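Novice: Once you've had a glance at the structure underneath, I'll fire off some questions.
The values are calculated or read from the model by the stated rules, or taken from the named source; none is laboratory data. Just so you know, these numbers come straight off a predicted model, no measurement behind them. Glycine also receives a Cβ, built like all others from the backbone with ideal geometry; neighbour counts cover every protein chain displayed.
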Amino acid sequence: MTVSVLTRKGAGSTGALPVQPRPVESRGGTARATAAEPVLAIESLTIGTGAVDLVIDVSFQVAPGETLCLVGESGCGKSLTCLAAMGLLAEPVRRRAGSVRLAGTELTSLGDRRLREIRGRDMAMIFQDPVASLNPVQRVGRQVAEALVVHEGLSMRSAMRRAIELLDRVGIARPDERANAYPHQLSGGMCQRVMIAMALACRPKLIVADEATTALDVTTQAQILKLMKTLQDETGTAMIFVTHDLSVVAEIADRVAVMYSGRIVETGPVDALFDHPAHPYTRGLMDCRLHALSAANGRLAAIGGTVPRPAARPIGCAFRPRCPRADARCETLPELRRLFGAQTAACHFPGAAR
Amino acid sequence: MSLRFVLGKLLRALLTLVLAVTFVFVVLRMSGDPVTQMLPDDTPASVVADYRQMWGLDRPLPEQYARYVAGILHGDFGFSFRDDRPALDVVLERVPLSLELGLTALALTIVLGIGGGILAALKRGTSVDHATMAMTIMGHSMPNFFLGILLILLFAMTWRILPSSGVGTWKHLILPAVTLGTSYAATVARFTRSSLLEVLNQPFMRTARAKGVPFRRRILGHALPNAGIPIVTVVGLRLGALIGGAVVVEPVFAWPGVGQLLVNAVAFRDLAIVQTIVLLIAVTMVVVNFMVDITYGWLDPRIRVDSGEATA
Amino acid sequence: MSSTHAETVSPAKADAPRRRRRMPLVMVLCSGWLVLCVVLAIGADLIAPYGYAEQSLLHRLKPPAFLGGDPAYLLGTDGLGRDVLSRLIFAMRTSILIAFCGTLIGSTIGTILGFLAAHFRGWVEDAVMLMVDFQAAMPFLIIALAILAFFGNSFGLFLVVVGFHGWEVYARLTRGLVLQANAQGYAFAIRTLGVHPLRIYVRHVLPNILSVLVVQVTLNFPEIILLETSLSFLGLGVQPPQTSLGLMLGEGRNYIATAWWMAIPAGVAIFLTTLSVSLLGDWLRDRLDPTLRTAQQ
Amino acid sequence: MSNAVLALQDVSRHYRGKGGLLRKGDTLRAVDGVDVTLAPGETLGIVGESGSGKSTLGRLAAGIEPPSAGNVTFKGKPYAPIGSSAWRRQRRDVQVVFQNPSQALDPRLSIADQIRGAMEAHRLDTGKSGAGSLDALLARVGLEGLGRRYPHQLSGGQLQRAVIARALSLSPDVIVCDEAVSALDVSVQAQILNLLQDLQAEFSVAYLFISHDLGVVRHVSHRIAVMQHGRIVEAGPAGDVFASPRNSYTKALIAALPAASPSARRARDAKRRLDFAKV
């Protein structure tokens, strides 16, 4: 209960998001990256198709060297948010509103050509299914080198030399031989390393990893997570890491944004979120987590029901039908409000005991 | 490419060939006594008996089959009673003309079919796409003999700018080649479009976009090499349709190729000619299929290279 | 061009089920033509103004009524004074009958063989697939010609030969779909419940793959019409005095310069029929595609 | 374990390499000499990474794949030859729940019809399923009033409930759950796991629970077997295997698990640095 009092106070003093100060308006869209400036700033992003909104009013920022985890179950709009950040949304899904700024440059107003020059150079993406995400009829070395040829104007020869170095750096043994392999000759974990090498090729400011370890075995996942952390420490790249697995969040995140049915329902530093989840959905996710080293037999505190389809989203708080705490107030949409510290939640009763 | 792969395909090709020879043999034997069919009706009975012995028709079937195969291997395809010459000679002298027509139509198909298909796929949903697809479905539905007659009516009889039949100059080639190529090109265009669209939806195409690869490079470097594999296959495998089409189109334009010969031979039941042509086409198709398989393996590293090398 | 606009459903329209449910105009026209064909084929004796072999040497080579010919002969007459319209109607009856029977024969044989191959695997599958390969490798027109040459032409044989066209596609499709359902799909799950395979195939698998087979029918049917008309056009299929669309076109070819109305109507009829079935097939495929189907029905 | 409902003795399953995928003469030993027993009403968890042979083991145990060597016995009797009518009758006793529920259901039949179909195949009175009437059974798995729905009208979790209901309608002694909750969202996963545990208490059915997810296996299993390269490398009571793993592969699996919380991660990393410094 004390939490909810705090919330109201917090809400009164700071109001709704944006949580972090907006970057100074820069004229002409020229990048003026200062230390305080976030690498990526997404504001009021809404994505939809037909009459349905799939992502609604999503805002967040990622600082240099920081890892932001986007968490939520399938159909929450995590992947679409990432694709929108990369400017990769494909018809019939499109961005309806909102801005995406990369190091101060507004991406949504850029033409195809400028956007393409930025993709792969300033921001790169890693996908869930590494084998299918590589061209099956091209050698992997060449695929890594292509980014360098396209963005840095290297010849294929020198790009290949760099590609081999990159493969070495992501922990592929005998990189000069493996560069000549085709994707189907490599394991899933190896292909994901190739994808990472490809993403790193032009030293991007931001890497977006969409369920990058979900399809991998536990031991491989551990290796890839470790590799990504190490590389991030070395390069200072900002990272958005999409996952549905809270254990992976605990491994890699600095900050977390929890999404539910197209909206962000809670954000905060990873420790705060794990120690005192404020939104009932976050709390529910925490409770139905299974961990081999902690849990014993017994009933799980499951969240009843399922994620609503975007077309059949309830009015007000979308989590209302599944929420143990919901009452009449929840028929009005709760705004994201700051709680203590940097933690925010979109709930009328944040942190309330069940 | 592994030797195993090539040998496997070769075995399949040979098996198909054996099947074709057996098919002809069985049909030939089932359809009645070849002696009475191949000899004029008024042949005396003693001559028939002599022929039966000479051709080994009094022997058991397996032996007959062995003799038949041996004969074919020695180039003995029987005698054309209409020409009174070895059937093989009659057929072979028609082959160059049919090749000329077929290859022209094939070239037309590849340019129009693959080009149109790529164009339609890249301009998906636009009027270019719709127009191309409308044309392909019309080309596909149009009986080629009817198209041929219409073309003759227009170009040869009404406007009198092209000859209606026969061989000679390149002008004689235009109408038959266009007629023959149309429906084939339509099939190829539709297939090209759909396989390219499928590739464009693959995850690796999204990777290429995420990498910032320019459009042209994405299409030329990533999409077409992947879409090309099924396209090559279908162009090769559907070659049978082109051969079948030639059989119909050649008589329409009085093009003295193998197709016309076959139609006449069937009409006059000149069986030696028919079996020669059937076997010739079988060999052609088997060779083409074999080449397609090999090309497929050569284009697709998933087949070419032994899989299963390393783990992370 | 508006025709093809209607056949492809743009994603924006996909969200409006109301609009999708209505049949596009082209499809209405196609269905209309096919219904007309079937009506003409069934009621040919009642509808046709003359018999198909009824000659009137006094009225030879009359142009169609609308081109100043005799109003008694709507589409004119041929070289033997036979009414082109009546012959066209009877020709359509023959061609459609052959295509219908042919499709039925090919689809039944192919589907059954496909099921057998997928169920028994082993040498049964090898044998079926070898035949499929052979059939797919040889141009069917050549096989048909060879059989007709060796056995001579009779209507029954011709029907059977034409019927075999395309069986291999049904066999391959069915085998693939059944294997898929058996390997990781519902059919396997139901098998583990202890349900008899025959019951699985009849009650579960067949209804599920029927839509694919129906689409294949719409591809196969025009091909059979083209095959029959091609053979008849060459004089190797349907024999006079019977008539078929191909035969009419073949007979009219010699008069093309003087009496084009003998050949052109038959050609147009073939074209419209194959076009209608193909367009309907395309449309059907789009509608039956589960990825395009809305989640709720 | 003399009263075992299901016993696998020295069971192997080998696949011969065919065509280009595996080189000539290679055999893939998917399962290689495995001994497993399952007591009535017990849950045995099988855990391993992809390619460890755990799914093949499940299929052998369920009798839907024949072993290359060794014996699989159900209540002391071996399975009848696959496809025989005796085998079909035996299907009633051992049910399988697969990973992808939408692939396990006929898309063209309603949920109730599918359950009815399964019962009719065993000539069971559709009024008397494992939990009474069909409606009662559906209600029991949380699908009250949804019997007339078609698979595409249900969510993934609901589909898996339907599959479980269909399995339960035949009152089996054993249900093999092959990655039964892996494709589900975490919140739904918890619901299904709870359901499975409740049903076990109610109908005393034994589970062979196969999963790559150590957390899930740990949660539901009484005993656990860890598989690697077709062999069981460690087995024992669930708590023991995780608390004090003896096999090095089990240790590696557990070490690779992501941390439960950021603080646990820091503690673990600090410990590893310390261990590294000691060495």
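Novice: Looking only at residues in region D:91-127 that are in contact with a Pro (Cβ under 9 Å, 6 or more places away or on another chain) and hydroxyl-bearing (Ser, Thr, Tyr), which one is nearest to residue D:144 (Cα to Cα)?
Specialist: Only one residue fits best here, namely D:110.
Novice: Please tell me if residue D:96 is closer than 20 Å to residue D:200 by Cβ and within 13 Å of chain C (Cβ to nearest Cβ). Spell out how you get there, then give the answer.
Specialist: Details: closer than 20 Å to residue D:200 by Cβ: yes; within 13 Å of chain C (Cβ to nearest Cβ): yes.
Yes, satisfied.
Novice: Any residue that is small (Gly, Ala, Ser) and facing chain D (nearest Cβ under 7 Å) - is there at least one of those in region C:204-223?
Specialist: Step one: list which residues in region C:204-223 are small (Gly, Ala, Ser), which gives C:211.
Now narrow it down to the ones that are facing chain D (nearest Cβ under 7 Å): none.
No.
Novice: Given the structure, is residue A:307 outside any loop (DSSP other than H, G, I, E, B) and hydrophobic (A, V, I, L, M, F, W, C)? Before you say what the answer is, go through the steps one by one.
Specialist: Values: outside any loop (DSSP other than H, G, I, E, B): no; hydrophobic (A, V, I, L, M, F, W, C): yes.
No, not satisfied.
Novice: Here's another thing I want to ask about it. Go through the residues of region A:279-290 one by one and say whether even a single one is modelled with pLDDT of 90 or more and either assigned to a loop (DSSP other than H, G, I, E, B) or over 22 Å from the mean Cα position of the chain (by Cα) (or both).
Specialist: Within region A:279-290, one or more residues are modelled with pLDDT of 90 or more and either assigned to a loop (DSSP other than H, G, I, E, B) or over 22 Å from the mean Cα position of the chain (by Cα) (or both).
Novice: Sticking with this one: Which of (1) modelled with pLDDT of 90 or more; (2) under 30 Å from residue D:145 (Cα atoms) does residue D:88 not meet, given it meets every other one?
Specialist: It is condition (2) that residue D:88 fails.
Novice: So, one more: Within region A:88-119, can you find the residues that are in a strand (DSSP E or B) and touching a residue at least 40 places away in the same chain (Cβ under 8 Å)? Break it down into steps so the answer makes sense when it comes.
Specialist: Of all residues in region A:88-119, those in a strand (DSSP E or B) come to A:94-102, A:105-106, A:119.
A:94, A:95, A:96, A:97, A:98, A:99, A:100, A:101, A:102, A:105, A:106, listed by residue number.
Novice: Regarding region D:222-232, can at least one residue be identified that is among the aliphatic types (A, V, I, L, M), assigned by TED's automatic domain parsing to the domain that holds residue D:36 and without any contact (Cβ under 8 Å) to a residue 12 or more places away in the chain? Reasoning before the result, please.
Specialist: Here is the first cut: in region D:222-232, the ones among the aliphatic types (A, V, I, L, M) are D:224-227, D:232.
This time we only want the ones that are assigned by TED's automatic domain parsing to the domain that holds residue D:36, so: D:224-227, D:232.
Subsequent filtering for residues that are without any contact (Cβ under 8 Å) to a residue 12 or more places away in the chain retains none.
The answer is no; no qualifying residue exists.
Novice: When residues of region D:173-217 are filtered for being under 14 Å from the mean Cα position of the chain (by Cα) and part of a loop (DSSP other than H, G, I, E, B), how many remain?
Specialist: Residues in region D:173-217 being under 14 Å from the mean Cα position of the chain (by Cα) and part of a loop (DSSP other than H, G, I, E, B): 9 in total.
Novice: Mind checking whether some residue in region A:142-149 is in contact with a Lys or Arg (Cβ under 7 Å, 6 or more places away or on another chain), within 25 Å of residue A:40 (Cα to Cα) and more than 7 Å from every other protein chain (Cβ to nearest Cβ)?
Specialist: Yes, there is a match, as at least one residue in region A:142-149 is in contact with a Lys or Arg (Cβ under 7 Å, 6 or more places away or on another chain), within 25 Å of residue A:40 (Cα to Cα) and more than 7 Å from every other protein chain (Cβ to nearest Cβ).
Novice: Can you name every residue in region A:267-278 that is touching a Gly at 6+ places or on another chain (Cβ under 7 Å) and either part of a loop (DSSP other than H, G, I, E, B) or free of Cβ contacts under 8 Å to residues at least 12 places away in the same chain (or both)?
Specialist: A:276, A:278
Novice: I've got another one for you. Report whether or not residue C:164 is without any contact (Cβ under 8 Å) to a residue 12 or more places away in the chain and away from chain D (no Cβ under 14 Å). Working first, answer last.
Specialist: Numbers: without any contact (Cβ under 8 Å) to a residue 12 or more places away in the chain: no; away from chain D (no Cβ under 14 Å): yes.
It is false that residue C:164 is without any contact (Cβ under 8 Å) to a residue 12 or more places away in the chain and away from chain D (no Cβ under 14 Å).
Novice: Among (1) without any contact (Cβ under 8 Å) to a residue 24 or more places away in the chain; (2) surrounded by fewer than 23 Cβ atoms within 10 Å (Cβ to Cβ); (3) of a type in the set (A, V, I, L, M, F, W, C); (4) under 28 Å from residue B:71 (Cβ atoms), there is one condition residue B:280 misses while meeting the rest; what is its number?
Specialist: (1) is the only condition that residue B:280 fails.
Novice: Additional query: When the residues of region D:218-240 are narrowed to those that are assigned to a strand (DSSP E or B) and within 13 Å of chain A (Cβ to nearest Cβ), which ends up surrounded by the fewest Cβ atoms within 10 Å (Cβ to Cβ)?
Specialist: We begin by selecting, within region D:218-240, every residue assigned to a strand (DSSP E or B); these are D:223-228, D:231-237.
With within 13 Å of chain A (Cβ to nearest Cβ) added as a condition, the list becomes D:223-224, D:226-228, D:237.
Details: D:223: 20, D:224: 27, D:226: 26, D:227: 26, D:228: 21, D:237: 12.
Within region D:218-240, the match that is surrounded by the fewest Cβ atoms within 10 Å (Cβ to Cβ) is D:237.
Novice: Looking at A:212, A:197, A:222, A:250, can you tell me which residue is of a type in the set (A, V, I, L, M, F, W, C) and assigned to a loop (DSSP other than H, G, I, E, B)?
Specialist: Values: A:197 fails: assigned to a loop (DSSP other than H, G, I, E, B); A:222 fails: assigned to a loop (DSSP other than H, G, I, E, B); A:250 fails: assigned to a loop (DSSP other than H, G, I, E, B).
Exactly one residue qualifies, and that residue is A:212.
Novice: Of the conditions (1) touching a residue at least 60 places away in the same chain (Cβ under 8 Å); (2) surrounded by fewer than 16 Cβ atoms within 10 Å (Cβ to Cβ); (3) in contact with a His (Cβ under 9 Å, 6 or more places away or on another chain), residue A:329 satisfies every one except a single condition; which number is it?
Specialist: (1)
Novice: What are the pairs, 6+ residues apart or on separate chains, where a residue within region C:112-136 that is farther than 21 Å from residue C:184 by Cβ and within 14 Å of chain B (Cβ to nearest Cβ) has its Cβ under 6 Å from a residue that is small (Gly, Ala, Ser) and part of a helix (DSSP H, G or I)?
Specialist: Matching pairs, first to second residue: C:128/C:117; C:132/C:171.
Yes or no, residue by residue, for (1) assigned by TED's automatic domain parsing to the domain that holds residue D:174; (2) in contact (Cβ under 8 Å) with a residue 60 or more places away in the chain; (3) assigned to a helix (DSSP H, G or I):
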| site | (1), (2), (3) |
| --- | --- |
| D:28 | yes, no, no |
| D:31 | yes, yes, no |
| D:44 | yes, yes, no |
| D:57 | yes, yes, yes |
| D:61 | yes, yes, yes |
| D:67 | yes, no, no |
| D:81 | yes, no, no |
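Novice: State yes or no: is residue A:190 closer than 21 Å to residue B:303 by Cα, at the interface with chain B (Cβ under 8 Å from one of its Cβ atoms) and surrounded by 24 or more Cβ atoms within 10 Å (Cβ to Cβ)? It would help to see each step written out before you state the result.
Specialist: Details: closer than 21 Å to residue B:303 by Cα: yes; at the interface with chain B (Cβ under 8 Å from one of its Cβ atoms): yes; surrounded by 24 or more Cβ atoms within 10 Å (Cβ to Cβ): yes.
For residue A:190, the condition - closer than 21 Å to residue B:303 by Cα, at the interface with chain B (Cβ under 8 Å from one of its Cβ atoms) and surrounded by 24 or more Cβ atoms within 10 Å (Cβ to Cβ) - is met.
Novice: Restricting to helices (runs of 4 or more DSSP H) lying wholly in region B:173-286: which have 1 or more residues that are at pLDDT 90 or above and within 14 Å of chain A (Cβ to nearest Cβ)?
Specialist: Details: elements: B:203-210, B:224-237, B:239-252, B:258-267.
Filter on region B:173-286 gives B:203-210, B:224-237.
Novice: OK, next. Give region C:109-130 a look and list any residue that's surrounded by fewer than 16 Cβ atoms within 10 Å (Cβ to Cβ) and part of a helix (DSSP H, G or I), or say none.
Specialist: Hits for region C:109-130 are C:112, C:120, C:122, C:123, C:124, C:126, C:127, C:130.
Novice: With the requirement that a residue be more than 13 Å from every other protein chain (Cβ to nearest Cβ) and farther than 22 Å from residue A:239 by Cβ, what does region A:96-120 give you?
Specialist: Once the filter is applied, which keeps residues that are more than 13 Å from every other protein chain (Cβ to nearest Cβ) and farther than 22 Å from residue A:239 by Cβ, region A:96-120 yields A:96, A:97, A:109.
Novice: Sticking with this structure for a sec: I need every pair where a residue in region D:120-146 that is exposed (fewer than 12 other Cβ atoms within 10 Å of the Cβ) has its Cβ under 9 Å from the Cβ of a residue that is modelled with pLDDT of 75 or more, sequence separation at least 6 or different chains.
Specialist: Cβ pairs passing all conditions: D:125/D:119; D:127/D:133; D:127/D:134; D:144/D:135; D:144/D:138; D:145/D:135; D:145/D:138; D:145/D:139.
Novice: Right, here's the next one. Which one of these is loosely packed, with under 14 Cβ neighbours inside 10 Å, without any contact (Cβ under 8 Å) to a residue 60 or more places away in the chain and under 30 Å from residue B:186 (Cβ atoms): B:44, B:96, B:60?
Specialist: Working: B:44 fails: under 30 Å from residue B:186 (Cβ atoms); B:60 fails: under 30 Å from residue B:186 (Cβ atoms).
Going through B:44, B:96, B:60 in turn, the sole match is B:96.
Novice: Among the numbered conditions (1) over 28 Å from residue A:343 (Cβ atoms); (2) within 19 Å of the chain's Cα centre (by Cα); (3) not polar (S, T, N, Q), tell me where residue A:116 comes up short.
Specialist: (2)
Novice: Of the residues A:253, A:215, A:173, A:257, which single one is modelled with pLDDT under 95 and either crowded, with 21+ Cβ neighbours inside 10 Å or of a type in the set (S, T, N, Q) (or both)? Break it down into steps so the answer makes sense when it comes.
Specialist: Details: A:215 fails: either crowded, with 21+ Cβ neighbours inside 10 Å or of a type in the set (S, T, N, Q) (or both); A:173 fails: either crowded, with 21+ Cβ neighbours inside 10 Å or of a type in the set (S, T, N, Q) (or both); A:257 fails: modelled with pLDDT under 95.
Every option except A:253 fails the conditions.
Novice: Can you tell me how many residues within region B:136-151 are in contact (Cβ under 8 Å) with a residue 60 or more places away in the chain and more than 7 Å from every other protein chain (Cβ to nearest Cβ)? Break it down stepwise before answering.
Specialist: Restricting attention to region B:136-151, the residues satisfying the condition of being in contact (Cβ under 8 Å) with a residue 60 or more places away in the chain are B:144-145, B:148-149.
Those still in the list that are more than 7 Å from every other protein chain (Cβ to nearest Cβ) too: B:144, B:148.
The number of residues fulfilling the criteria is 2.
Novice: So, one more: Go through region C:230-245 and give me each residue that's among the aliphatic types (A, V, I, L, M) and within 11 Å of another protein chain (Cβ to nearest Cβ). Steps first, answer last, please.
Specialist: Here is the first cut: in region C:230-245, the residues among the aliphatic types (A, V, I, L, M) are C:231, C:234, C:236, C:238, C:245.
C:231, C:234, C:236, C:245, listed by residue number.
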